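Have a look at the structure below before the remarks.
Bear in mind that the values in this text are calculations on the coordinates, not laboratory data. This one's a predicted model, so the numbers in the text were calculated from it and none came from an experiment. Please note: Cβ atoms are built from the backbone with ideal geometry, for glycine as well, and neighbour counts cover all protein chains shown.
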Amino acid sequence: MIKKLLIALAAMLFSASAWAHMCPTLMGDIDQALEDDATAAEVDESSLEEVRDLRARGEEAHQAGDHDESVALLEEAKEKLGI
């Protein structure tokens, strides 16, 4: 029983670090899309502002250690960009 508990705990720790490493990749994808004129031209200005806000909030959540929230915000930004 204790062995299973330790395995589950280890899996949770490794998955948390995986989320932490995913955030910068998502931010990079968003930044690259915002710099690409063709991608940015497909999105209206109010949506672009929302994407920038979501990206900033995602970075803040990442820096605060809330990687689940960060990933959710960054994925929403990517969806609004169509990437």
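Can you run phi through the Karplus equation (6.51, -1.76, 1.60; θ = phi - 60°) for the stretch 67-83 and list ³J(HN,Hα) in whole Hz, with x for Gly and Pro? For the stretch 67-83, the Karplus curve yields 6, 4, 5, 4, 4, 4, 5, 5, 5, 5, 4, 4, 5, 5, 7, x, 10 Hz.
Can you check what the net charge comes to around D44, using other residues whose Cβ is under 11 Å from the Cβ of D44 (Lys, Arg +1; Asp, Glu -1)? Walk me through the intermediate numbers first.
Values: positive: K80; negative: E42, E45, E49, E50.
Every neighbour counted, the sum reads -3.
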